[in-house]
Amino acid sequence: MNNTPAFPLANFPFDIIEVILGGIETRRDLLSFATASSACKELVIPRHTEYRNLRIINNRPEIWQHLVQRSDLACNIREVVIVEVGSETRKRKPERFPITFVEKTPTQVNLDDVEVVTLILRVLGNMHDLQSFGWINPWNAQGLYRNVPNYQQDVFQTLKDCKSLAKLNIVDPTLPFDPPVPGPAENEAYPLWDIANLQALSLLEMRWWPTGLDALISKSPNLQSLEFDTPVDTVHFVQCRFPQLRKLQLTAMGIDDEPAIADFLKHHPTIEDLNWYPSTTSLHLEHGVLPHLKRLTSTPEFACSVLSDPTLRNRAVERVHKLLLTDATLAILGAIDTSHMRDLRFWSYRDLDSIHRLAEVCPQLTHLEIPKYGITARNDTQSNYTVDDYILALSKFPVLECFLDPSLWLVLRRSGKEKIERLAALCPKLERLVHSSTQKNAIVDIVLSRDGGKVSWKEETCFRDL
């Protein structure tokens with residue numbers, strides 16, 4: 001039988017085919033390619049599908065050894081996330097690493113810590129197309145390789161030399177350290193602070209601002225996304241200018257910084273996604289600031305202030321977190337263009353009448369969060385609302401796909417399957433609800449499925465982005 005693939009790609013030599021397939025960046029696109037034919041499937045599974053994303057708890061030396069041995073495959077990896085041993089992993093995404101071609105089991109690998117770190121550095125150095133690197137708890141005192149001299153420094157030096165790296169994420173709640181455990185050097189000579197030309201930088205849960213961080217930020221003038229937690233009274237970054245900045249997330253800023261941050265926003269009209277909770281309730285931006293804003297996460301006061309700008313009522317705002325569902329908020333939403341609004345999340349609401357009015361103002365919502373929705377211990381019990389009343393209010397949103405407060409699912413389960421089926425019938429687009437699972441000690445998605453008149457559901461764990 002002739003198994004030669006009946007498509008033009010098969011006419012090329014194997015090495016050329018590998019180069020072409022190596023140019024497919026995402027695992028999703030590879031899987032789409034694999035569905036074209038059995039021949040396509042044989043070309044990319046597992047040779048390419050297992051070598052695009054590496055997410056690993058750093059206690060698997062056999063994986064690093066394999067990636068050194070199969071550098072021809074490892075060089076195609078685009079994203080790496082290393083989770084150091086001792087990190088909290090319950091809510092983080094599951095591991096993803098090569099399996100099919102890995103020959104040795106962990107018990108068969110006999111390498112000391114220095115040898116493993118050498119393998120890690122070789123693997124990272126071979127990833128010529130690496131685009132994104134994430135490191136969770138790199139300075140964790142419980143990490144397996146904490147005693148290897150210059151472990152973190154050498155990793156950052158390797159990343160510094162990686163010309164394709166566009167995204168850097170670091171999460172480390174243990175900093176700053178008390179002696180004798182060393183964190184990153186403060187001075188600008190430390191290789192982390194010398195990584196340049198990033199498009200996205202995220203430094204989360206790091207509660208200090210070393211001197212070198214200013215250099216790191218300033219060496220990536222084309223940043224499109226900037227996320228970091230900072231100590232109080234830090235204004236270092238506000239002097240920078242990023243002409244392509246699209247996303248900005250700030251936390252733990254001090255009150256004294258807020259006017260400077262407002263000025264920073266004024267000089268960055270390209271921002272589309274802002275996550276910032278100013279402490280000053282009276283803070284207002286000048287009219288015309290953030291003309292391209294699409295997504296806003298902030299305090300109710302600041303969010304309403306931004307949305308109320310009379311010069312920008314036609315902005316294509318898609319998402320706002322978090323608001324108070326009051327008459328004043330409804331008036332603001334009613335005065336702006338909400339044709340693009342898809343996602344609203346509220347701290348509180350008054351009664352079901354406000355929900356009905358919201359549906360009139362924002363009929364295209366696909367995602368909605370209303371706290372304690374359906375709970376009878378609310379002040380609105382004087383209105384004698386029933387479960388059916390709550391379901392009817394949600395049915396006013398014709399394209400609602402996801403309801404994000406866990407209270408509703410609790411009420412529905414207590415009320416019986418009939419109420420779940422009624423919700424599914426009146427909200428035909430609804431696919432997901434949120435549930436606080438005591439068994440899993442985590443927030444999970446309830447995924448609804450419809451088959452004729454029957455409704456079923458399953459739980460899916462929600463993971464953090466990194």
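What follows draws every value from the coordinates through simple rules; no lab data is involved. Source: prediction; values computed, not measured. Every residue, glycine among them, receives a Cβ derived from its backbone with ideal geometry; neighbour counts consider all protein chains shown.
Quotient of the Cα radius of gyration of the chain and 2.2 N^0.38 Å, N being its number of residues: 1.12. With semi-axes defined as the square roots of five times the eigenvalues of the C-alpha gyration tensor, the equivalent ellipsoid of region 323-466 measures 24, 18, 16 Å, largest first. Adding -39500 (n - 2.57) for every DSSP H run of four residues or longer, then dividing by how many residues the chain holds, sets the calculated 222 nm ellipticity at -8000 deg cm²/dmol. Counting only DSSP beta bridges with both residues in the chain, the antiparallel share comes to about 25 percent.
Which of the peptides 431-441, 332-342 is most tightly packed, and how do the rest follow, going by the mean number of other Cβ atoms within 10 Å of each residue?
On the way: 431-441: 14.5, 332-342: 16.2.
With the highest mean Cβ count within 10 Å placed first, the list reads 332-342, 431-441.
Quick test of the membrane-span-like rule: which DSSP H helices of the chain reach at least 18 Å along their long axis (C-alpha atoms) with mean Kyte hydropathy at least 0.0? Could you put the intermediate results ahead of the total?
Working: long enough: 113-126 (20 Å, 1.19).
Taking the DSSP H segments of the chain (at least 18 Å long, mean hydropathy at least 0.0), we get 113-126.
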